[in-house]
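Report on the structure given below.
The values are calculated or read from the model by the stated rules, or taken from the named source; none is laboratory data. Computed from a predicted structure; not experimentally measured. Please note: Cβ atoms are built from the backbone with ideal geometry, for glycine as well, and neighbour counts cover all protein chains shown.
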Amino acid sequence: MKTIQEVLGSGTAYLEAHGVEGARHSMQSLLVHVLGCNKTWLYLHYEDPLPEAKLAALRELLRQRCKGVPLQHLLGSTEFFRREFRTDSRALIPRPETEELVELALQMAPRRQGMRVLDMGCGSGVIGISLALELARQKPEVVLADVSEAALSLALENATSLGARVRTYRSDLFSAWDAPEEGAIAPPDGFDLVLANLPYVPEGEELAPEVQHDPATALFGGADGLDVVRRFVQNCLPHLSPGALVMLEVGHDQGARTCGLMQEAGFTRCRVLPDMCGKYRFPLGFAPAQPMPPKEELPHAEQAE
């Protein structure tokens, strides 16, 4: 019977041979998942034998990982903003850059009691749920909206498991506001903070094997990737409170163009903030009639071209 350390070594080599990035991390994570332990326990029990039943389950997970199935789908969850969120094929896998978007929003957002927050294109709900929990003292009214019923079901599961108070609406951008279905309850308006991680991949762009497991509707945004972003920006202002902050996540080369779209639509004080890698991917703007936040509160920003 092989020890845990031997299986870790052979499994890592197997993943590397099949071109899996971060092979050792994947192998450690799969071992932790199969054994129902944490990494500390794993390190302390390297010399323990691995039961055949566990090894059989691990082999199947390794086969799927080598086929490009994302690690997050195999584990059934991923960490986002220090919390575990369920992840599967119903919605986009949360990316590290999206955590940065939430952090920036928390630095800049107005802290009003009962503030209204919108997570547009919510997917698994990581943005809106994180904001609901981080802003709990303000008792925010948080709305999650997505065109996908499947994504909304996953978002509700996450909200329930994490104890977040949110409301969900099936909506193609603002369709639930502008043309509500007969008998449907109209969503609230007058949002103070809106975050949107919408589809922005140009049609035909080659995707990594893992990304191909994400829903196509959450990825592709037309010829230049900005079709959905344009519609969002053009229709957003009527649903905002005076001075509301709107922030988006877009592709690494789309920030300035999106910022220009926001200026054309009537947003004020538009700028683009960088991610941790220096890519300007977080365009933002304010609804009219709001004083400019102090400059020292904002990281270096790129203006629209």
Positions within the range 80-99 being acidic (Asp, Glu) and either modelled with pLDDT under 95 or under 10 Å from the mean Cα position of the chain (by Cα) (or both), in sequence order:
ASP88, GLU97, GLU99
In this structure, does GLU149 turn out to be surrounded by fewer than 22 Cβ atoms within 10 Å (Cβ to Cβ) and more than 21 Å from ASP275 (Cβ to Cβ)?
yes
Under the condition of being part of a loop (DSSP other than H, G, I, E, B) and either under 26 Å from the mean Cα position of the chain (by Cα) or modelled with pLDDT under 90 (or both), which residue from the range 9-35 is surrounded by the most Cβ atoms within 10 Å (Cβ to Cβ)?
VAL20
Would you mind stating whether GLU157 is more than 17 Å from LEU92 (Cα to Cα), assigned by TED's automatic domain parsing to the domain that holds ASP253 and among the acidic types (Asp, Glu)?
no
Look at ARG82 and say whether it is free of Cβ contacts under 8 Å to residues at least 60 places away in the same chain, surrounded by fewer than 17 Cβ atoms within 10 Å (Cβ to Cβ) and within 30 Å of LEU248 (Cβ to Cβ).
yes
Residue, nearest to the chain's Cα centre (by Cα), within the range 42-65, restricted to residues that are without any contact (Cβ under 8 Å) to a residue 24 or more places away in the chain and more than 13 Å from LEU8 (Cβ to Cβ):
GLN64
Hits in the range 163-187 - residues which are out of contact with any helix residue (DSSP H, G or I) (no Cβ under 6 Å at 6 or more places or on another chain), more than 13 Å from MET120 (Cα to Cα) and surrounded by 14 or more Cβ atoms within 10 Å (Cβ to Cβ)
PRO180
Mind telling me which of the residues LEU207, LEU195 ends up being under 19 Å from LEU245 (Cα atoms) and in the same structural domain as ARG116 (by TED's automatic domain parsing)?
LEU195
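Rundown of residues vs (1) under 24 Å from ARG112 (Cα atoms); (2) of a type outside the set (D, E, K, R), yes/no style:
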residue	(1), (2)
ALA151	no, yes
ARG165	yes, no
SER171	no, yes
GLU182	no, no
TYR200	no, yes
GLU206	no, no
